[in-house]
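Single-structure report; data block below.
Just so you know, all these numbers are worked out from the coordinates, no wet-lab data involved. Because the structure is predicted, anything quoted here is derived from the model rather than measured. A quick note on method: Cβ atoms are made from the backbone with ideal geometry, for glycine too, and the neighbour counts reach across all protein chains shown.
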Amino acid sequence: MIAGTPAEVVAACAAASAFCFGLSLVPARNPLSARLARLAQVTERSTSKRLERIELIIKAETRSRMRDRLNAAGWYRVAVGSLVLRGAAGLLGGLGLAVLLALVLENKVLAMIIGVLAAAVGWRIPKIALDRAIKARRERIARDLPDFLDILASTVRAGLALNGALVHAAESVAGPLHEELASALAEIRLGRPRSDALKGLAERVNEPQTRMMVTSIIQAERLGANLATVLRELALETRNQRWMLAEERAATIPVKMVFPMALLMLPSLYIMIFTPVVAKMFVP
């Protein structure tokens, strides 16, 4: 049983929530970001020891899966421990809200239900934000990939070597695709085999079209195929897939519009139709 007055419990929960959230904002590096920084000879502060101790609580498999998801979202400066602390901050904040509502509301059951729901939502908010970041990043990469492949095919067809073509094409795109290509090219310049660097890019992004691009480039190099032709076909295929995805989303719009129409338009329509009838019946 928790000792102390309800006000002290609320203050303790608020302080613990603020502490966890503040600790989660401490600059840190996950293993991939630290390795890239060492390769580029960038000297920055290493991961906080407190975050490392928190990460040891999590299972190795779960920790590895969370790191992959952080890489896919492009959150290279967020460690697994930071993500867990943000969830803990939301959980403690929800528990503090439950105690506060229990003091304010007469219905203690309702206060506890609202507090538990708030705690569950607070615990899930970091994971929801991570899922949204992964989805948005993958969509941005898939949208920029056809243009990148067009430029890459044109530069290869013009006689430029693949490494030089990658550098030139990477400069022509922006956003997460440019960041991933810059990381891969930095690894290539520092001695890592090009195929391994491209495979690492595909693993970090974890997006189907990017994996297909990397696989096709590696196979074309090994088999001696015409790389410019392969890249041009890849650009055409990725663009067609983008169009198919856009058509699929457009086809779902009528279904999504049913609920707003039912909730907003139909009540207004009923009011306009039946208000004069009701007024005529009851107003002399």
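Kindly state, to the nearest 0.05, the FRET efficiency for Gln219 paired with Ile125, given R0 = 45 Å and r defined as their beta-carbon distance. Don't skip to the end; give the middle numbers.
Details: r = 42 Å, r/R0 = 0.94.
The value I calculate is 0.60.
7 Å from Cα along Cα→Cβ at both Ala12 and Lys256: what's the point-to-point distance in nm?
Reported label-point gap for Ala12 and Lys256 is 4.6 nm.
Stretch Ala186-Asp147 to full length: gain in nm at 0.36 nm per residue minus the Cα-Cα span?
Details: separation 39, 0.36 × 39 = 14.04 nm, distance 2.18 nm.
My answer for the length gained is 11.9 nm.
Considering Cα pairs under 8 angstrom that are at least six residues apart, work out the relative contact order of the range 136-224 and quote it in whole percent.
Values: 59 pairs, mean separation 23.3, N = 89.
Value for the range 136-224: 26 percent.
Place the peptides 142-149, 12-19 in order of packing, highest mean first, counting for every residue the other Cβ atoms within 10 Å and averaging per peptide.
Values: 142-149: 19.6, 12-19: 16.4.
So the peptides 142-149, 12-19, ranked by packing, come out 142-149, 12-19.
Calculate the FRET efficiency for Leu160 and Arg211 from the Cβ-Cβ distance with a Förster distance of 25 Å, rounded to the nearest 0.05. Working shown, then result.
Numbers: r = 24 Å, r/R0 = 0.98.
Computed FRET efficiency for Leu160 and Arg211 comes out at 0.55.
So if R0 is 25 Å, what FRET efficiency would Val116 and Thr62 give, r being the distance between their Cβ atoms, rounded to the nearest 0.05?
E(calc), rounded to 0.05, equals 0.55.
Just grab the label-to-label distance for Arg77 and Ile273, each label 7 Å out from Cα along the Cβ direction, in nm (one decimal).
For Arg77 paired with Ile273, the spin-label model returns 5.7 nm.
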